[in-house]
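Peer 1: Below is the structure I would like to discuss, written out as structure tokens.
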Amino acid sequence: MEQKTKINLTIDEKEIEVEEGATVLETARQNDIEIPTLCYHPALSNWGGCRLCVVEVDGSPKLVASCVMPVREGMEVVTSNERIINARRTVLEFIFSERNHFCMFCAQSGDCELQSLAYELQMDHLTVPQSFEEFPTDITNEYMAIDHSRCVLCGRCVRACHEIAGAFVINFQNRGPESLIGFDFNASKGESTCLNCGVCMQVCPTGAIYSRYRAHYAVKGHKKEDWEIVESFCPQCGLMCETVTTVVNNNIVKIEGKLQDDASRPDHGQLCYAGRFEPLKSNGKRLLKPMVKGANGTWEEESWDITLDLLAKKMNSIAKDGKGEGVFGLVSSRCSNEELMLFRDLMAKGWAGGFTDTLDGSYHRTIYDASRANGNSLNEASWKLIPESDCLIVVSADPGRSQPVISSLLRRTVLENGVKLIVIGQEDTLSPWSSYFIPVGKGNEAQLLKALWAETVNSIVPPDHIKYWKAVSDEAEGVSVSELIQNCGLSEVAAQDFHEAAKVYAASSNPMLIAGEDLIDHNESSGLKEVMKLAKLKDLLPGETLRLIILKPNGNSSGAWTLNLASNNKANGDKWRGGMILLGDEDISGSEFIDSIDELEFLAVVSPYFPEALADKAHILIPKPLSMEENGSYTSLDGLAVCLKKKILQAPEGVKETWQTMMELTNRTDFNPDYSTWTELVRKALDEMKSLFPNRT
Ligand code: FES
């Protein structure tokens, strides 16, 4: 590795050695010398706009902004004297005079960098006249509000939107005193193309961009010293984005991404709307006590023991009487690996259950079919490899909806590396970042992908590494590309994009394909099989890994499928009969499975919320903590990593942890698991996963 030249300098008479290229501010902070800043943010490029960070260099009469000043040999820096403090206070006074910074009306008061700077510099009045216009507050967005009167035009949100989200939605508009941050071309935030990732809000140093879920949180009688910070990760979509959650009195104040420049996380610690805001929403009435449906159909609260006895007795009798179809389990793949494994074992070994399935619909069946056709031995690629790719093909996916952090990564890869992005699907979900868009209606994907495969084969230089190339080219010769693209109804323009896209893919040496929910949520797997075939035209990545990322429907779908919880026996629309336990999470109320449970003999629902949509079909309801209220391990989207998520909140009093509920039910059956404590359960789940995928971390 190239050794950087060392620079020697003094800061406040302290002798310091630092690598060439560092700024004065970074060097000072590395050496515990504090310099106030406003427009600077460690996760963003340096801008030098506010001048709060001025310092004196070599006694020069001109103060310089330390955040953009590179170090040089022999430099003598002074970070604080009367002249510097006066300059900073003047800068701050002008900032305060230019907008309506009356803290008592501000949603962010108590958690505001501008307010803290004023206290730090002991600014108790203004010596310059106030001159601000009235600016509107934009409340058109569901998650965030924009109060332009609090904006200091530091540009952090602009840079974050470009450099982290890759969205380029926010920019400056107007001139002079009328300068504002704007969304797209003067759209409201709600109408703009903003993806609601909230990174602008996270880096905003004032109350200009604030959460609509937690306005005034910092002054509601809470002292900042009482805030508890919990580091964990978001379990919503399988990317395991790292989170820093602020909690007060068992309430979430805010969830932030762990913004960083870390090569292991090419997303730079970004979060999406789901990780940042969704846990702050309430999804209905919490279920706090077990409930049993009485003879007249009304719900009555009951003790845990009586409810679990009743449930176990009913399931034991359904399992033993040999009539009907036995006992089934249906589970949300938002549950942790431990919950999933214990639930599976309870169903299979406790009640000899017919089978256990997830609420993921037909996704697993499609992937299972397609991977069997490919020899079962190919691993999926990690989403972290996207920035290294030289060609990206997105098929039937809208990652902005399902995995927004992947969508950011795609945009940034296009912008930063000039990579060609090919989008295939019903709509161009990545416009205007896509270079080629090939429209294809639902059900026609397999034909179009087959045509793309054949066209690629025809324009590729025969590679040595594909041993079966002769067979491949013979097969491609038998494919009529023109007929297939005609069947798919491609216009002349789309057909041109198709041919160009095939050339780009053929010429690429490190491509990546991303298959999305619209391709996988079919009852048949031909489209996915064709994507896999297309990916196999390029050499595999290490570890027999296909150049393919498959977007999954839920945060722990990979875990559930690995633990064999996804059944391939029931087709969509088949009716369930017998007894069922539904282990849900926040996701059960709107699920499509509801129509298939009309003929059940007995239904018990384990859920954090009162399940309104299931209330007339269920017989027993059992409360469950939210995923934020439980520890548990999750498996990443690519299936390659298993990480333990920390509990962030305490569950309401009296609500048992899910694994305890399952264990108490297990104790009411003939099944004797070889684990009984939480630690043993974690170990067991991990061992099982490792035995199936030895390369897991
Ligand atoms: Fe250095 Fe703003 S923090 S100029």
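The values are calculated or read from the model by the stated rules, or taken from the named source; none is laboratory data. Just so you know, these numbers come straight off a predicted model, no measurement behind them. Here Cβ is always computed from backbone atoms with ideal geometry, including for glycine, and neighbour counts include all displayed protein chains.
Every residue, every condition in (1) more than 30 Å from Met512 (Cα to Cα); (2) part of a loop (DSSP other than H, G, I, E, B); (3) in contact with a Ser or Thr (Cβ under 6 Å, 6 or more places away or on another chain), yes or no:
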{"position": "Met628", "(1), (2), (3)": "yes, no, no"}
{"position": "Leu649", "(1), (2), (3)": "yes, yes, no"}
{"position": "Lys656", "(1), (2), (3)": "yes, yes, no"}
{"position": "Gln660", "(1), (2), (3)": "yes, no, no"}
{"position": "Glu664", "(1), (2), (3)": "yes, no, no"}
{"position": "Asn672", "(1), (2), (3)": "yes, yes, no"}
{"position": "Thr679", "(1), (2), (3)": "yes, no, no"}
{"position": "Leu686", "(1), (2), (3)": "no, no, no"}
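Peer 1: Pairs only if they're at least six apart or on different chains, beta carbon under 6 angstrom, first in segment 177-192 and without any contact (Cβ under 8 Å) to a residue 60 or more places away in the chain and among the hydroxyl-bearing types (Ser, Thr, Tyr), second part of a loop (DSSP other than H, G, I, E, B) and surrounded by 12 or more Cβ atoms within 10 Å (Cβ to Cβ); list them, first residue then second.
Peer 2: Ser179/Leu153; Ser188/Thr140; Ser192/Val169; Ser192/Asp184
Peer 1: Now for a different question. Do the conditions hold for Val91, that is, is it within 16 Å of the ligand (Cβ to nearest atom) and either β-branched (Val, Ile, Thr) or buried (at least 21 other Cβ atoms within 10 Å of the Cβ) (or both)?
Peer 2: yes
Peer 1: Any idea which residue in segment 124-142 is surrounded by the fewest Cβ atoms within 10 Å (Cβ to Cβ), counting only those that are of a type in the set (A, V, I, L, M, F, W, C) and modelled with pLDDT under 90?
Peer 2: Phe132
Peer 1: Could I ask something else about it? Tell me which residues, restricted to segment 152-168, are modelled with pLDDT under 95 and either within 20 Å of Leu52 (Cα to Cα) or assigned to a loop (DSSP other than H, G, I, E, B) (or both).
Peer 2: Listed by number, the residues that qualify are Ile164, Ala165, Gly166, Ala167, Phe168.
Peer 1: Go through (1) assigned to a helix (DSSP H, G or I); (2) more than 24 Å from the chain's Cα centre (by Cα) one by one and return the number of the condition Phe437 breaks.
Peer 2: Only one criterion in (1) assigned to a helix (DSSP H, G or I); (2) more than 24 Å from the chain's Cα centre (by Cα) is unmet by Phe437, namely (1).
Peer 1: Going by the conditions given, is Val481 in contact with a strand residue (DSSP E or B) (Cβ under 8 Å, 6 or more places away or on another chain) and crowded, with 19+ Cβ neighbours inside 10 Å?
Peer 2: no
Peer 1: Follow-up. State which residue is farthest from Cys157 (Cα to Cα) when the search covers only segment 31-49 and only residues that are of a type in the set (Ser, Thr, Tyr) and near the ligand (Cβ under 7 Å from one of its atoms).
Peer 2: Within segment 31-49, the subset of a type in the set (Ser, Thr, Tyr) is 37, 40, 45.
Still in the running and near the ligand (Cβ under 7 Å from one of its atoms): 37, 40.
Details: Thr37: 15, Tyr40: 11 Å.
Result: Thr37.
Peer 1: Next question. What is the one condition in (1) without any contact (Cβ under 8 Å) to a residue 40 or more places away in the chain; (2) within 28 Å of Asp638 (Cα to Cα); (3) among the small types (Gly, Ala, Ser) that Ala274 does not satisfy?
Peer 2: Just one mismatch for Ala274, condition (1).
Peer 1: Which residue is modelled with the highest pLDDT, if the candidates are limited to segment 59-70 and must be assigned to a loop (DSSP other than H, G, I, E, B) and more than 12 Å from the ligand (Cβ to nearest atom)?
Peer 2: Lys62
Peer 1: Additional query: Among residues belonging to segment 389-417 that are at pLDDT 95 or above and part of a loop (DSSP other than H, G, I, E, B), point out the one that is nearest to Asp267 (Cα to Cα).
Peer 2: Among those residues, the one meeting the criterion is Ser389.
Peer 1: If I ask for residues that are in contact (Cβ under 8 Å) with a residue 60 or more places away in the chain and either closer than 13 Å to Leu392 by Cα or out of contact with any strand residue (DSSP E or B) (no Cβ under 8 Å at 6 or more places or on another chain) (or both), which ones from segment 485-506 would you list?
Peer 2: Ala501, Val504, Tyr505
Peer 1: To continue, here is another question. Going through segment 499-515 one residue at a time, which ones are touching a helix residue (DSSP H, G or I) at 6+ places or on another chain (Cβ under 8 Å), in a helix (DSSP H, G or I) and of a type in the set (Gly, Ala, Ser)? Give the steps one after another, and end with the answer.
Peer 2: The first filter runs over segment 499-515 and keeps only residues touching a helix residue (DSSP H, G or I) at 6+ places or on another chain (Cβ under 8 Å), leaving 499, 501-503, 505-506, 510-515.
Filter once more, so that each one left must be in a helix (DSSP H, G or I): 499, 501-503, 505-506.
Within segment 499-515, Ala501, Ala502, Ala506 qualify.
Peer 1: Report yes if some residue within segment 1-8 is out of contact with any Phe, Trp or Tyr (no Cβ under 6 Å at 6 or more places or on another chain), within 16 Å of the ligand (Cβ to nearest atom) and in a loop (DSSP other than H, G, I, E, B); otherwise report no.
Peer 2: Checked segment 1-8: no residue is out of contact with any Phe, Trp or Tyr (no Cβ under 6 Å at 6 or more places or on another chain), within 16 Å of the ligand (Cβ to nearest atom) and in a loop (DSSP other than H, G, I, E, B).
Peer 1: If you don't mind, another one. Could you grab me the full set of residues in segment 489-516 that are crowded, with 20+ Cβ neighbours inside 10 Å and either within 12 Å of Glu445 (Cα to Cα) or out of contact with any Cys (no Cβ under 8 Å at 6 or more places or on another chain) (or both)?
Peer 2: Of everything in segment 489-516, those that are crowded, with 20+ Cβ neighbours inside 10 Å and either within 12 Å of Glu445 (Cα to Cα) or out of contact with any Cys (no Cβ under 8 Å at 6 or more places or on another chain) (or both) turn out to be Leu490, Asp497, Phe498, Ala501, Ala502, Leu513, Ile514, Ala515, Gly516.
Peer 1: Now a separate question. Among the strands (runs of 3 or more DSSP E) lying completely within segment 222-318, list those that include at least 3 residues that are at pLDDT below 95 and surrounded by fewer than 19 Cβ atoms within 10 Å (Cβ to Cβ).
Peer 2: Answer list for segment 222-318: 228-233.
Peer 1: I need every pair where a residue in segment 15-44 that is closer than 17 Å to Val68 by Cβ and in contact (Cβ under 8 Å) with a residue 12 or more places away in the chain has its Cβ under 7 Å from the Cβ of a residue that is within 14 Å of the ligand (Cβ to nearest atom) and of a type in the set (Gly, Ala, Ser), sequence separation at least 6 or different chains.
Peer 2: Sorted first by the residue in segment 15-44, then by its partner, the pairs are Thr23/Ser66; Val24/Ser66; Leu25/Ser66; Ala28/Ser66; Ile35/Ala28; Ile35/Ser66; Cys39/Gly49; Cys39/Gly155.
Peer 1: Looking at Glu82, Glu56, Glu73, Glu113, can you tell me which residue is away from the ligand (no atom under 15 Å from the Cβ), in contact (Cβ under 8 Å) with a residue 24 or more places away in the chain and on the phi < 0 side of the Ramachandran plot?
Peer 2: Being away from the ligand (no atom under 15 Å from the Cβ), in contact (Cβ under 8 Å) with a residue 24 or more places away in the chain and on the phi < 0 side of the Ramachandran plot holds for just one of Glu82, Glu56, Glu73, Glu113, which is Glu73.
Peer 1: Select from segment 94-113 the residues that are under 20 Å from Pro177 (Cα atoms) and surrounded by fewer than 18 Cβ atoms within 10 Å (Cβ to Cβ) and list them in ascending order.
Peer 2: Keep residues of segment 94-113 that are under 20 Å from Pro177 (Cα atoms), which gives 94-102.
Phe94, Ser97, Asn100, Phe102 - these are the residues of segment 94-113 that are under 20 Å from Pro177 (Cα atoms) and surrounded by fewer than 18 Cβ atoms within 10 Å (Cβ to Cβ).
Peer 1: Of the residues in segment 172-194, how many are more than 22 Å from Leu430 (Cβ to Cβ) and out of contact with any strand residue (DSSP E or B) (no Cβ under 7 Å at 6 or more places or on another chain)? Can you show your working first?
Peer 2: Taking segment 172-194 first, the residues more than 22 Å from Leu430 (Cβ to Cβ) are 172-182, 186, 188.
This time we only want the ones that are out of contact with any strand residue (DSSP E or B) (no Cβ under 7 Å at 6 or more places or on another chain), so: 175-178.
Matching residues across segment 172-194 total 4.
Peer 1: Cβ-Cβ below 9 Å, separation at least six or inter-chain, first residue in segment 605-618 and surrounded by fewer than 16 Cβ atoms within 10 Å (Cβ to Cβ), second assigned to a loop (DSSP other than H, G, I, E, B) and not acidic (Asp, Glu): which pairs?
Peer 2: Here the result reads Glu612/Gly284; Glu612/Lys285; Glu612/Ser589; Ala613/Ile588; Ala613/Ser589; Ala613/Gly590; Ala613/Ser591; Asp616/Gly297, each pair linking segment 605-618 to a residue that is assigned to a loop (DSSP other than H, G, I, E, B) and not acidic (Asp, Glu).
Peer 1: Let me ask you something else. I'd like the full set of residues that are more than 14 Å from Ile550 (Cα to Cα) and in contact with a Ser or Thr (Cβ under 7 Å, 6 or more places away or on another chain), limited to segment 492-521.
Peer 2: Ala502, Lys503, Tyr505, Ala506, Asn510, Pro511, listed by residue number.
Peer 1: While we're here: Check Ser691 against each of (1) of a type outside the set (D, E, K, R); (2) at pLDDT 90 or above; (3) assigned to a helix (DSSP H, G or I) and name the one condition it does not meet.
Peer 2: Looking at each condition in turn, Ser691 falls short on (2).
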